[in-house]
1. Just checking: which of the strands (runs of 3 or more DSSP E) contained wholly in the stretch 126-227 hold 3 or more residues that are among the polar types (S, T, N, Q) and at pLDDT 90 or above?
2. Do we have TYR307 as under 23 Å from the mean Cα position of the chain (by Cα) and either closer than 30 Å to THR254 by Cα or touching a residue at least 40 places away in the same chain (Cβ under 8 Å) (or both) here?
3. Among (1) of a type in the set (Phe, Trp, Tyr); (2) at pLDDT 95 or above; (3) more than 32 Å from the chain's Cα centre (by Cα), there is one condition TYR367 misses while meeting the rest; what is its number?
4. Please count how many residues of the stretch 12-34 are assigned to a loop (DSSP other than H, G, I, E, B) and modelled with pLDDT of 90 or more.
5. Give me a count of the residues in the stretch 52-83 that are outside any strand (DSSP E or B), surrounded by 15 or more Cβ atoms within 10 Å (Cβ to Cβ) and touching a strand residue (DSSP E or B) at 6+ places or on another chain (Cβ under 6 Å).
6. Quick one: is LEU372 more than 30 Å from PHE431 (Cα to Cα) and at pLDDT 90 or above?
7. Within the stretch 110-126, does at least one residue satisfy the condition of being at negative phi, of a type in the set (Phe, Trp, Tyr) and loosely packed, with under 15 Cβ neighbours inside 10 Å?
8. Between TYR367, TYR358, which is assigned by TED's automatic domain parsing to the domain that holds ILE430, within 19 Å of ASP432 (Cα to Cα) and aromatic (Phe, Trp, Tyr)?
Amino acid sequence: MLLSVVALVAGLSFVPVLAAGTVAQLTPATQTIAVGQTTTVTFDVQDVTDLYGYQVELAFNPAVLEVVDADPAEDGIQAALGSWLQPDFVFLNEADNTLGTFACALSQLAPTSAVSGSGTLFTLTFRAKSAGTSSITYNDIVLAAVDSDVISATQQTAQITVSSGGTPSPTPTPTPSGTVLVLRDASSVGPTVVEVWVNDIENFHAVDFTLAYSAAILQGVSVEAGAAFTDYPSQCTVLDTSIGGGLAHFEATTTCIVEDGDLHLANIVFDTKSCGTSALTWQESLLYDGSMDPIAHTALNGSIVPYGCVAGVTGKALLEGRTDNSGVDVSLVDGTSESVVTNANGTYTFDAMFAGTYDLVMSHALYLSAKLDACLIEGDAMLTMPDVTLLGGDLNGDKIIDISDLVIGGANFNTSNAAADVNGSGYVDIFDIVLIGINFGETGPTIYSCTP
């Protein structure tokens, strides 16, 4: 019987709603702007019937254009959503100016009625970064009717040409001249070490500084005298080397010598409490000459990522048979466990984390779990994992798709019981039975390699 059901469905084809004349277009189709200028592109739908939601991903050249955030009060970079189709439930509204993509997915909710006719769904503002030409094309587009069927539409893309326009190059920030107090990251194999240097100084005799750091990210260990003092131990006096509570203090003086040039004043040593970027901010910086008169100087603030931390890891966990891949629980396992949930296109991201070997375990109701096994996560750049697809049909959650799951699906056929609605369509139908059938006998977790 199972083979008969699968064979029957294999002969079926999914027919989109025939909406003759429906056009999905980016407006205007062509335009030219100069470097530094901004312009808008709208995503419009013409002559549509019973539109209720949509999912769109656009691509552009990130070397030429960048998206300007329409709502700085919200996290991320967003488009301005139109009001013709009510954005009752927004799954996704985010641009990635590094990859050159913009994705938007939303739906109306009852009792809002479907819309027909023509209207604008969203508006993107672009800023020209450099001369060149960028096409704006579709990576993905789904127009959903009120009954969840797909509305077919002719797609029209756009193109923006950016001219040099004689725009002057930005004026670089001048390098401070004269005596400068600077911070250097001296971490090599751990722990985190910040060196304090003074450059181009004359007649140096003493120092007294207080440096602030993030106590949530860094654990202060010690403040130690640098070579400016340790090279002359009998002629120098270190008065204070205290650290804690987000402040590092150092005070030292020479007794009979004065020094000139670039001097290494101190080392500040930290342990890592959590991953992230800690600002390093001068609260006080006093330099004195041989007469104990203050030496005028510039004190440059800095920042540091603790030793042993990496930018993070990202990837996609996809739900077989679904276009909405949100809600997959992704756990990063290495003794302890940290979890995030995927968005509508299946993307998950763990930011700022310790380098190491991790398992990434992915789970969702009605699906077998999946695992990226023993992934080495290291380096300065965000690491992208291979896409993972979770297999549908484990209705009773026992980590195997078998006759028990098929019986549950059959008993709920032609109902709206979410406990058997594998593909999340809102209805238990032949497509849910097929998912169980094609995965019959599979067990979880499905193991994936961390390398493509």
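1. The qualifying strands (runs of 3 or more DSSP E) are 132-145, 154-156.
2. yes
3. It is condition (3) that TYR367 fails.
4. Final tally of qualifying residues: 3.
5. 8
6. When the stated conditions are applied, LEU372 does not pass them.
7. no
8. One residue alone meets the criteria, TYR367.
The values are calculated or read from the model by the stated rules, or taken from the named source; none is laboratory data. Everything numeric here is computed off the predicted structure, so don't read it as measured data. When we count neighbours, we look across all protein chains shown, and the Cβ atoms used for this are built from the backbone with ideal geometry, even at glycine.
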